[in-house]
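Structure first, commentary second.
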């Protein structure tokens, strides 16, 4: 299955942070939290949204999150450039 999420194209091309986390929350709840935190709270622009994939841009960097259900959990993969600390803070709250 082809995955069109930009996260999979960015890896290895530029210096960035990549985080993988498994959560007991549903993908819909994590998507809601991603939008609240990165768009509403931090002011990043939501530049792309596909099922299971969101990309935010601003401040000279980006945050791309990929979500999928896996063994009764949600696997969250986040890749960022310039937003490392904020991504770590977000993941710590899941």
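Read the figures in this text as sums done on the coordinates, not as results from a lab. Just so we're clear, the structure is a prediction, and the values are computed from it rather than from any experiment. Neighbour counts are summed over all protein chains in view; Cβ atoms, including those assigned to glycine, are modelled from backbone coordinates with ideal geometry.
Arranged from fewest to most other beta-carbon atoms within 10 Å of their beta carbon, 78, 30 become 30, 78. Residues of the range 15-38 with an amide N closer than 12 Å to a point placed 7 Å from the Cα of residue 70 along the Cα-to-Cβ direction: 19-23. The helix-only estimate of mean residue ellipticity at 222 nm for the chain, built from DSSP H runs of length n ≥ 4 each weighted as -39500 (n - 2.57), is -5500 deg cm²/dmol after division by the residue total.
Which order, highest average first, do 38-47, 63-72 follow once you tally other Cβ atoms within 10 Å for each residue and take the mean per peptide?
63-72, 38-47
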